[in-house]
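First the structure, in the form of structure tokens, and then the observations on it.
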């Protein structure tokens, strides 16, 4: 009970800190943090599948893009209200995740990785094929007038920041709730020893499918929110790069930790941002830093905090 209060206090404290930073950050970092929070929500979705269930996906960009295009196409093609379009994007991601889960979970290990990658590539090629609607690599802009929800202009930096905080806060609190439920504990048991979980009578397939759907739904929510808040939808968000990013964010922050996805996203975003200001070979600097962090903090930033400082960290 005591550790539970500490856990809740820490995560609510993070949200309170992010809320307060809105009023003091310079414009540049204010905009960056809004973007980071939405991407961190995407990382939270990935962490549920990889960090807690032990399923390594290389196709999560499919869910992120499903949410983004589900929202964006509805707004752009039909003039739908932003809230309805946002919900449609989330539902689209959930349906895609359910379909992929039913098929991909027939495989295991490396085969699962390859199948998810193939589905994601199929999604990316579909976006390019229907370029008349999606505008392919060029993408399309969601106009300012189309980004007003309940009278709130989401193109305004302050409103966009608070919306990003709401998206991240919702994703993080869902994750925090999940790890305290029976379902979440079964996912961890599957990650640790799938055969033993099956022997104890748990339906491993159903739990894995539930993890895929929940992970895909949160990722789609992040994708739909990103497109709506920043006013752009493009095929690059469906590419392999956006399947690799959440894996790196989770590994850096700490797989299987609630706070890890945010720390990893924040670290990697600014690592690339700062190194790109020094040299055109910024990915080399980022790569060296990532290798060093992996060698000396193999459990990620939050994992090291859990080992050294806060052993109660979920």
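Within region 290-314, can you find the residues that are under 21 Å from the mean Cα position of the chain (by Cα), closer than 17 Å to residue 258 by Cα and in a helix (DSSP H, G or I)?
300, 301, 302, 303, listed by residue number.
Between 214, 248, 263, which is free of Cβ contacts under 8 Å to residues at least 60 places away in the same chain and surrounded by 20 or more Cβ atoms within 10 Å (Cβ to Cβ)? Reasoning before the result, please.
On the way: 214 fails: free of Cβ contacts under 8 Å to residues at least 60 places away in the same chain; 248 fails: surrounded by 20 or more Cβ atoms within 10 Å (Cβ to Cβ).
Exactly one residue qualifies, and that residue is 263.
Among the listed residues 115, 110, 96, identify the single one that is under 29 Å from residue 298 (Cα atoms), crowded, with 16+ Cβ neighbours inside 10 Å and over 15 Å from the mean Cα position of the chain (by Cα). Step through it out loud before you land on a result.
Working: 110 fails: crowded, with 16+ Cβ neighbours inside 10 Å; 96 fails: under 29 Å from residue 298 (Cα atoms).
None of the other options fit; the residue is 115.
If I go through region 129-139 residue by residue, how many of them are out of contact with any helix residue (DSSP H, G or I) (no Cβ under 6 Å at 6 or more places or on another chain) and either touching a residue at least 40 places away in the same chain (Cβ under 8 Å) or in a helix (DSSP H, G or I) (or both)? So that I can check it myself, show each step before the final result.
Taking region 129-139 first, the residues out of contact with any helix residue (DSSP H, G or I) (no Cβ under 6 Å at 6 or more places or on another chain) are 129-133, 135, 138-139.
After this cut, where a residue has to be either touching a residue at least 40 places away in the same chain (Cβ under 8 Å) or in a helix (DSSP H, G or I) (or both) as well, the list is 129, 131-133, 135, 138-139.
Matching residues across region 129-139 total 7.
Given the conditions (1) touching a helix residue (DSSP H, G or I) at 6+ places or on another chain (Cβ under 6 Å); (2) at pLDDT 90 or above; (3) assigned to a helix (DSSP H, G or I); (4) surrounded by fewer than 21 Cβ atoms within 10 Å (Cβ to Cβ), report the number of the one that residue 275 does not fulfil.
(2)
Any residue at all in region 45-58 that's at pLDDT 95 or above, part of a helix (DSSP H, G or I) and either in contact with a strand residue (DSSP E or B) (Cβ under 9 Å, 6 or more places away or on another chain) or farther than 30 Å from residue 194 by Cα (or both)?
No, region 45-58 contains no residue that is at pLDDT 95 or above, part of a helix (DSSP H, G or I) and either in contact with a strand residue (DSSP E or B) (Cβ under 9 Å, 6 or more places away or on another chain) or farther than 30 Å from residue 194 by Cα (or both).
The values are calculated or read from the model by the stated rules, or taken from the named source; none is laboratory data. Nothing here was measured: the structure is a model prediction, and the numbers come from that model. Because the Cβ atoms are built from the backbone with ideal geometry, glycine has one as well, and the counts that use them run over all protein chains shown.
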